[in-house]
1. For residues that are among the charged types (D, E, K, R) and assigned to a strand (DSSP E or B), scanning just region 94-109, find the one that is surrounded by the fewest Cβ atoms within 10 Å (Cβ to Cβ).
2. Looking at region 362-380, which of its residues are modelled with pLDDT under 90 and either of a type in the set (Gly, Ala, Ser) or over 27 Å from Val325 (Cβ atoms) (or both)?
3. Condition first: in contact with a helix residue (DSSP H, G or I) (Cβ under 9 Å, 6 or more places away or on another chain), hydrophobic (A, V, I, L, M, F, W, C) and in a helix (DSSP H, G or I). Can you find one or more residues in region 324-331 that meet it?
4. Any residue that is of a type in the set (D, E, K, R) and over 30 Å from Val29 (Cα atoms) - is there at least one of those in region 138-150?
5. With respect to the numbered conditions (1) in a loop (DSSP other than H, G, I, E, B); (2) of a type in the set (A, V, I, L, M); (3) within 30 Å of Ala11 (Cβ to Cβ), which one is the sole condition not fulfilled by Ile91?
6. Considering Ala352, Ala360, which residue is part of a strand (DSSP E or B), farther than 18 Å from Ala404 by Cα and assigned by TED's automatic domain parsing to the domain that holds Gln408?
7. Let me confirm something: among Val147, Val132, which residue is out of contact with any Lys or Arg (no Cβ under 6 Å at 6 or more places or on another chain) and in a helix (DSSP H, G or I)?
8. Could you please let me know if Ala97 is over 30 Å from Ala151 (Cβ atoms) and modelled with pLDDT of 85 or more?
Amino acid sequence: MTLRARVTVAAGLAVLLAVLAVSTAVYAVVRDNLHDQLDDSLTHGPPAEQDLAHDAATIPRHVPLVEDLYMQVVDRDGQVISTFDDRALPITTDVLAVARGERDRVFFDAEVDGASVRVYATSAGDGTVLEVGRSLAEVDQALRRLVWTLAAISVAALGMAALVGRLVAATATAPVHRVAEAAEAVAQTGELSHHIAVPGGDDLGRLADSFNTMLDALRESLAQQRQLVADASHELRTPLATVRANVEVLARADELAADERRLLIRDTVAQTGELTRLVGDLVELARGDGQEEPFTVIDLDALTRRVVEVVGRNHPSVTFRVDGVPSPVRGAPGRVWRAVSNLVDNAAKWSAPGADVEIAVRDGTVVVSDHGPGVDPDDLLHIFDRFYRSPAARTMPGSGLGLAIVKQVADSHGGTVTVAAVPGGGARFELQLPVARAASITVLEDPAGFSSSA
């Protein structure tokens, strides 16, 4: 059953139950009111007992109210003393109780000659009871008309409720149908530009707005993936071509001098290392914000000091000065290591031999400062983009992915990374991660396969 049909049925059932409840209440009230009116007419309308016998012969029988009237007088033994006509009313134990003075009066329904009669019995004095009856034909007829009227109203209300419910359901579920149609269009065409018109700020409007936001996120993610593949293919083309050419030349190694072979082998190994680093960076970026590695509490100061030891092996001419205090943060140890190492390696790469690189760690923040040429103002907006390399960096090793990885790690951990100029020349990078309470702290050792990539 569709949502529209369910809403229509639910609206119809709700109205039906409401109409049935109201109809039942109306029927009960009208019935009780009619009976009260009839009882009141019986109480105040009957003649006195002494007038009964004298007036019986003179009452015209063609009057309808008289034809519906029953009267008789009964003694305490149940014997009929006088009657209006030959139609006898039933004599019950309640009637005899009234004759004996045990009760003041009674009302009850009875059948007389196949007709429903409302009977009123009251004391007539000297141990006798006056019974007055009135036909219930008019009351029953009025109640039957009321039942048919209420039934007609119920059917009309049910039909109206079904019609209105269907219209309301169609209007209410229209955004859902538009979402479904957009989803089907996306599934069939793969095109993520099928936006839905947001009708308002209600729940269904929020659903349509959320669907549009999801489509935008998917389209952006797909565009980033395509751009990553395009950039990666471009970056891989040159080292692959170089390695292939070197291997083809090495195939004729017997024709080369020993020095040429050594240079060729060293260049091939370097290009292979560059490919390894590039592939590693691509894998890291392709992971996006995924958290395959569980988050733990890390001492950022201890991790940074281990990073400096590892990076320092590749830059023996640079002096690293670390000033830090224990700073627990929550994150993925391997990814935080990668981000910090990329910052330290980038600072060392841009430092002249004998220069210093200052590193400060406190309150979940790592600040890495160098005294190199600094960052050109034109590069500040793009320095964390994938594969972006400033004109000065294009002659240096690297793929332009290192700082992009730092930015991705910071975003996935709910942190930030910024860059600023250092007075006197150089650049200062600041990586901030959420501080955690000191608990079971994980310190990552030198990870296998670490290499610079900035």
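1. At the first step, the residues of region 94-109 found to be among the charged types (D, E, K, R) are 94, 100, 102-105, 109.
Now restrict to residues that are assigned to a strand (DSSP E or B): 105, 109.
Numbers: Arg105: 16, Asp109: 11.
That would be Asp109.
2. Of everything in region 362-380, those that are modelled with pLDDT under 90 and either of a type in the set (Gly, Ala, Ser) or over 27 Å from Val325 (Cβ atoms) (or both) turn out to be Gly372, Pro373, Gly374, Val375, Asp376, Pro377, Asp378, Asp379, Leu380.
3. No, region 324-331 contains no residue that is in contact with a helix residue (DSSP H, G or I) (Cβ under 9 Å, 6 or more places away or on another chain), hydrophobic (A, V, I, L, M, F, W, C) and in a helix (DSSP H, G or I).
4. So in region 138-150, the residues of a type in the set (D, E, K, R) come out as 138, 140, 144-145.
Now restrict to residues that are over 30 Å from Val29 (Cα atoms): none.
No, region 138-150 contains no residue that is of a type in the set (D, E, K, R) and over 30 Å from Val29 (Cα atoms).
5. (3)
6. Answer to the selection: Ala360.
7. Just one listed residue meets the conditions, Val147.
8. Values: over 30 Å from Ala151 (Cβ atoms): yes; modelled with pLDDT of 85 or more: yes.
Answer is yes for this residue.
The values are calculated or read from the model by the stated rules, or taken from the named source; none is laboratory data. Quantities reported herein were computed from a predicted structural model and do not represent experimental measurements. Reconstructed Cβ throughout: ideal geometry from the backbone, glycine too, with neighbour counts over all protein chains shown.
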